[in-house]
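Worksheet for the structure shown next.
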Amino acid sequence: MTATLPTSPCLPTARRQTIVILVAAVDLVCRHVKFFAPRPMKVPLGIACVGWCLSQPIFAALPADYVQSIDWSRYNGMLGVQPNDAFGQSLIGVLQNESRYELNWAPSYYEVGDHAPLYVGIPYYWAFTHNTSGGTADIRPLASFAYGTAALLATGTYSPTAAGGISEPAALYETELAIRGVAFAHVSNTTDSRHFGGGGYGSYSASNQAAYWTAQAAEAAWMLWDKLSTETRTAVATMVEYEANSFNNYTVPYWKQPNGTTNFSGDTKAEETAWNVQLLALAQTMMPSHPNVNTWRTKASEMQVSTLSRRTDNVSSQLIDGRPVQDWINGYNSYADGVLVNHSIVHPDYMTASIYLLTTTAVNQSLAGRYIPQSTVFNVDNVYRGLTEVQFTPGPDKPISQGGYGTNKTILEPGGTIFNRNPDGSYSANVYYPEGNDWNIYVVTDSYLNTDLVAEWLGLDEGKSFDAMGWAQARVDAMIALQNRPGHDGNIYEPADWGGNGQGADEDFYHSNAVAWLQWWLLQHNQFSPISEQWGQLPAGVSGDYNGNGTVDAADYVIWRKNNGLAGGASVEEGDGTGDGLVTTADFDYWRARFGNSSSNGTGAQFGFAVPEPMFLVLVASAATSVMLVSARYFSRN
């Protein structure tokens, strides 16, 4: 069935029809209207007529026209889990088990509708099935479900067996229904009063996470872009552009002003800014040739620097993303020791969530082959120290002026660090909440594993008395134990784990574990992009070019043959094309599949230029030819 608003990542039907009408109109004018102009002006006038036609809004690029999809061919030989990767095997096992639960949960929780006002007849999961205001209990779980399943499908780790017999095409269909469910509910894609979106705040109070939900659904779509329908891609790109533009003049909020005056009592703005900036960073990655991309990047840098900012940063001349820190910010969100306060308590969940949300953008930058700007990791090391090294002493919290956190709460027993170990020295998956936890959940939760993997990526545990991967493994083991409880079918949580409404908690975990898998997968294959003072495309490299001469040729085979069998830490220069640290026949196949490629035979899109649409070029050429021929005929007659 066709949508009422037909659109396409190439050239929408409505635009094609209008172009044809414009071409016909030009032809009609040239054939039947006498030009009262000197003979030499007739051809220029015809060309000007075509130029006027092309300047009309109907020819303006649609948001989907700017999307540059992920080039998954860069990862040939890297998809799936390496057989010698024990941690990856256990993590992907958790995620695959979650997929079984989630792929049965989604169709049982959401109606499949086909009544979206602008996309009538296109099936989707209706976000407002249960709650007419949507929000955290409806739209967010839908977006999280889409992301988790998309990550499995995109990286070759989806298992129909683990998913209870649900085939890959069926999983893809469910994922697209979920992506549409979020996109069709967005204010940019509907005339329905039930919607979300815009400036971080929509029609309902629960829409303050609109940018975050948009980012999750859009990231899911982007990972599967070439497998999605025209309507899905159009709606997603429209939603992303709308949300990104809503931040163009956004005033970044801060917990405190530079002089220490409190703006929001007991409420750091770190995690709120981090979930918002995730959308902005994604927009510039997905749409690198969009006219507003520089505006988005500048605002994203400002928000990323502000996320974990300290008071002293307001007078810092340290250059981040090419500008002194003090010129980026106007306040701060964390204490000098990296501790964050939210819900009026020292809150570890918001410390890890802020790190996790902020650095998820590094995954997107890497998948797109783009630099990770310095602002993405600004002060992450400081907050990580707050989690792993700051010692809390039981007793009443002190006022800020006396070195405390000013919460007027009691530091609880047993004291110590937030990330901790068991009495036998082993790593504990549970964390110490210095002033209690208002979620009433003390089992492992989302964002902690992601923080461990960020520490592993950035080397934040180097020279310390602890190993970030020790905590990471403990958390994965704890997830497996939770999944193995009686009555569970891949789900991690059960109602007793939460003191309040736990709706969407499993979907949050599905999302964060999918991000963790992508973090680990990129780490294992040395595919995280370099951190830089700039945004933008990495210099074009040539996969399979082991000697770095810009061409995949016989000389690269010589390198592979020389090092075939090398194990443990092998580099690209030694013939490891797949990035698994080994030189094997897989690296020969990797080289052979790319033989003859060079840095000079790439496409324009590789460098961030929009590739012209073939149909568009044909129609423009047709228009120009028509005008030129007719004008030339008049020229010859007169």
Toy charge model, Lys and Arg Cβ at +1, Asp and Glu Cβ at -1: the stretch 460-555 dipole around Cα centroid in debye, rounded to 20, equals 80 debye
Would you mind putting 405-414, 391-400 in packing order, based on average other-beta-carbon counts within 10 Å, highest first?
405-414, 391-400
Leaving out ligands, DNA and RNA, what percent of the accessible area of the stretch 336-464 is carbon and sulfur, probe 1.4 Å?
48 percent
Long pairs among Lys409/Lys464; Lys227/Lys299; Lys256/Lys409, criterion Cα-Cα beyond 23 Å:
Lys409/Lys464; Lys227/Lys299
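Which of the GluC sites (Glu not before Pro) found in the stretch 513-594 are loop residues per DSSP with 16 or fewer other Cβ atoms within 10 Å of their Cβ? The partial results should precede the final answer.
Details: sites: Glu533, Glu573, Glu574; in loops: Glu533.
Listed in order of number, the matching sites are Glu533.
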Which sequence of Arg370, Arg310 reflects their accessible areas, 1.4 Å probe, from the largest down?
Arg310, Arg370
Counting only protein heavy atoms with a 1.4 Å probe and every protein chain in place, the carbon and sulfur fraction of the accessible surface of the stretch 208-289 in whole percent equals 40 percent
Estimated dipole of the stretch 289-401 in Debye, rounded to 20 [Cβ of Lys and Arg +1, of Asp and Glu -1, Cα centre]:
240 debye
Per residue value of the accessible surface for the stretch 56-160 (all protein chains in place, 1.4 Å probe), Å²:
33 Å²
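Tell me the relative contact order for the stretch 383-437 as a rounded percent, counting alpha carbon contacts under 8 Å between residues six or more apart.
Contact order relative to length: 32 percent.
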Gln318 versus Ala137, label points 7 Å from Cα toward the beta carbon: distance in nm?
4.3 nm
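The values are calculated or read from the model by the stated rules, or taken from the named source; none is laboratory data. Quantities reported herein were computed from a predicted structural model and do not represent experimental measurements. Neighbour counts run over all protein chains shown; Cβ positions are idealised from the backbone, glycine included. Surface areas here come from the heavy atoms of the whole protein model, side chains and all, with no ligands, DNA or RNA. Shrake-Rupley method; radii C 1.70, N 1.55, O 1.52, S 1.80 Å.
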